[in-house]
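Trainee: Structure below; questions to follow.
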Amino acid sequence: MKYLIETIGCQMNVCESDALSNMLSNYGMLQVHNIVDADVIILNTCSVRAQAEQKAFSYIGRVEELKKQKPNVKIIVIGCMAERLGIKIRKRFKSVDLVIGSKNINNFALKIVNLYNLAKIDDNILSKKSTEVGRCITIIRGCNNFCSYCVVPFVRGQEVSLDNKIIISECEEMVKSGAKEIMLLGQNVNSYKHGTVDFVSLVRDICKIDGLERLRFMTNHPKNLSDDLINLIATEKKVCHHVHLPMQSGSNKVLKEMNRNYTYEYYLALINKLRSKIADISITTDIIVGFPGETEKDFNNTLKALKDICFDGLYVFRYSSRPNTRASRMVDDVPLEEKKRRHSIILNESNKISSEIVLSMVGKTFEVLVENFKSNILEGRTGGGRKVFIKSTSKDYVGKVFNVHISESKINSLFGNIV
Ligand code: SAH
Ligand code: SF4
Ligand code: F3S
């Protein structure tokens, strides 16, 4: 039995697709990457923007065509859009066999297995991913923040922190099977709390695992990034000097309408605190342009914020109205053309800053964890998260940390040699 998983959406979806793939492998199913080889096609979906849903619809449309030639193929739609639209997906696309929403993620594998009466052949759910250097694990599901534009709390439900003992034992298993870097995932990892265990003590405990080189986590909500956590990033050697800290807007009026619970001044003070305690911290962010009521002046505040803060990287999105959210009841009054214009201004500015940052790294030496080896090139990352390419003939370097002297930069990439 051969299956294919196509994933749309955030890191959490990517991580859940991996976990599902591990489980299916343990039931004897074989993962393929070419759609014509698959008996089961699984699409993991996202609802965060209308565009993400359109992408899913067009994918399902293409798979339906394929099913006309291969009627035995099963089509399964999972994830956030499956949660949001549920049975409506099957009404619109008659050949979809199964729809499982993200609130039922614990049952993903089981439902698929039942569809085929498969028997479990292996109990160790992580055994099939044994070669990857970097792994991820969801530590907190759902979100309670209800930012006014965001559909995530509706499709993922209330915040639930997973049991710290289970998280730690999964991390130990990952390290045993070759992981060197673990990324902890959640919509707002800082609000992790299981019994008396908070995020800082969870991170501390995971760092105690022998053989683990690096720990990352995302996403951080600015209102929850505590001094304790900043101190931990500064002092715990294994924690990478990188925070993804979505700002969304540089206008206080817009931030308020977004229900983000902080002002630009608060955000800026947080950045300054991070930089004063951790000199080489890399800070990345998310920006939304064209939120309802965003004037040219609001937008210019965001642009000015980018110039003042000089983020190491950012994602910028055009506002997209999502059903049931508070912002969906506001007038989506920034015309599409204007959203596109603001989007490209932000992107240009960010590329400019980014290329200046990578240029300033040339001639310096950074610790790089090597993650991959492909056609005589080692691929690794700095603690700050930048990709580094190193010419080499040996794959024995994979999974190890080296000091790498950066000799060249191109747009967003770095090239260097092991010292
Ligand atoms: N939990 C994370 C991110 C969740 S979604 C956080 O709080 O930052 C990832 C990003 O998508 C968000 O940071 C936001 O920038 C963007 N986004 C969410 N809803 C959106 C919408 N309706 N339109 C455009 N961008 C959106
Ligand atoms: Fe959405 Fe806000 Fe929750 Fe992030 S914190 S998932 S943007 S509601
Ligand atoms: Fe992620 Fe999209 Fe769901 S951003 S949480 S896959 S709506």
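Trainee: Being away from ligand 1 (no atom under 15 Å from the Cβ) and of a type outside the set (A, V, I, L, M, F, W, C) is the filter here, so list the residues in segment 162-189 that pass it. Don't jump to the end; show me each part of the working.
Mentor: Our first condition is that a residue be away from ligand 1 (no atom under 15 Å from the Cβ); within segment 162-189, this holds for 162-182.
Matches in segment 162-189: Asp163, Asn164, Lys165, Ser169, Glu170, Glu172, Glu173, Lys176, Ser177, Gly178, Lys180, Glu181.
Trainee: Mind checking which pairs have a first residue in segment 72-100 that is within 17 Å of Lys55 (Cα to Cα) and surrounded by 20 or more Cβ atoms within 10 Å (Cβ to Cβ) and a second that is among the acidic types (Asp, Glu) and at pLDDT 95 or above, Cβ under 6 Å, 6 or more apart or different chains?
Mentor: Correct list of pairs: Met81/Glu53.
Trainee: Another question about this same structure. Please go through segment 139-170 and pick out each residue that is of a type in the set (A, V, I, L, M, F, W, C) and either surrounded by fewer than 23 Cβ atoms within 10 Å (Cβ to Cβ) or over 25 Å from Leu232 (Cβ atoms) (or both).
Mentor: From segment 139-170, those of a type in the set (A, V, I, L, M, F, W, C) are 139-140, 143, 146-147, 150-152, 154-155, 160, 162, 166-168; that's our starting set.
Once the filter is applied, which keeps residues that are of a type in the set (A, V, I, L, M, F, W, C) and either surrounded by fewer than 23 Cβ atoms within 10 Å (Cβ to Cβ) or over 25 Å from Leu232 (Cβ atoms) (or both), segment 139-170 yields Cys143, Phe146, Cys147, Cys150, Val151, Val152, Phe154, Val155, Val160, Leu162, Ile166, Ile168.
Trainee: Select, from Arg204, Arg216, the only residue that is closer than 23 Å to Arg135 by Cα, in a strand (DSSP E or B), among the basic types (Lys, Arg) and not assigned by TED's automatic domain parsing to the domain that holds Arg386. Spell out how you get there, then give the answer.
Mentor: On the way: Arg204 fails: in a strand (DSSP E or B).
Matching residue, one of Arg204, Arg216: Arg216.
Residues checked against (1) among the small types (Gly, Ala, Ser); (2) at pLDDT below 95; (3) open to solvent by less than 20 Å² (accessible area, probe 1.4 Å); (4) under 22 Å from the mean Cα position of the chain (by Cα):
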{"site": "Glu6", "(1), (2), (3), (4)": "no, no, no, yes"}
{"site": "Ala19", "(1), (2), (3), (4)": "yes, yes, no, yes"}
{"site": "Leu24", "(1), (2), (3), (4)": "no, yes, yes, no"}
{"site": "Tyr27", "(1), (2), (3), (4)": "no, yes, no, no"}
{"site": "Lys70", "(1), (2), (3), (4)": "no, yes, no, no"}
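Trainee: Any residue at all in segment 251-274 that is among the acidic types (Asp, Glu) and free of Cβ contacts under 8 Å to residues at least 24 places away in the same chain? Break it down stepwise before answering.
Mentor: Taking segment 251-274 and keeping what is among the acidic types (Asp, Glu), we get 257, 265.
In the following step, the residues that additionally are free of Cβ contacts under 8 Å to residues at least 24 places away in the same chain were identified as 265.
Scanning segment 251-274, I find at least one residue that is among the acidic types (Asp, Glu) and free of Cβ contacts under 8 Å to residues at least 24 places away in the same chain, so the answer is yes.
Trainee: Separate question: Only residues in segment 183-196 that are closer than 11 Å to Ile167 by Cβ count as the first member; pair them with residues that are part of a strand (DSSP E or B) and among the acidic types (Asp, Glu), Cβ under 7 angstrom, at least 6 apart or cross-chain, and list the lot.
Mentor: The qualifying pairs are Tyr192/Asp198.
Trainee: Could you list, in sequence order, the residues of segment 325-355 that are charged (D, E, K, R) and free of Cβ contacts under 8 Å to residues at least 12 places away in the same chain?
Mentor: Of segment 325-355, the ones charged (D, E, K, R) are 326, 329, 332-333, 337-342, 349, 352.
Of everything in segment 325-355, those that are charged (D, E, K, R) and free of Cβ contacts under 8 Å to residues at least 12 places away in the same chain turn out to be Arg329, Glu337, Arg341, Lys352.
Trainee: Would you call Val254 open to solvent by less than 10 Å² (accessible area, probe 1.4 Å) and either of a type in the set (Asp, Glu) or part of a helix (DSSP H, G or I) (or both)? Show your work before the answer.
Mentor: Numbers: open to solvent by less than 10 Å² (accessible area, probe 1.4 Å): yes; either of a type in the set (Asp, Glu) or part of a helix (DSSP H, G or I) (or both): yes.
Considered against the rule, which asks whether it is open to solvent by less than 10 Å² (accessible area, probe 1.4 Å) and either of a type in the set (Asp, Glu) or part of a helix (DSSP H, G or I) (or both), Val254 comes out as yes.
Trainee: Pick out the one residue from Leu274, Leu245, Leu232 that is under 25 Å from His343 (Cα atoms) and either more than 16 Å from ligand 2 (Cβ to nearest atom) or of a type in the set (A, V, I, L, M, F, W, C) (or both).
Mentor: Working: Leu274 fails: under 25 Å from His343 (Cα atoms); Leu232 fails: under 25 Å from His343 (Cα atoms).
Of the residues listed, the single one that is under 25 Å from His343 (Cα atoms) and either more than 16 Å from ligand 2 (Cβ to nearest atom) or of a type in the set (A, V, I, L, M, F, W, C) (or both) is Leu245.
The values are calculated or read from the model by the stated rules, or taken from the named source; none is laboratory data. Every value quoted in this text rests on a predicted model; they were computed, and no experiment measured them. Glycine also receives a Cβ, built like all others from the backbone with ideal geometry; neighbour counts cover every protein chain displayed. All accessible areas refer to the heavy atoms of the entire protein, side chains included, with ligands and DNA or RNA removed. Shrake-Rupley method; radii C 1.70, N 1.55, O 1.52, S 1.80 Å.
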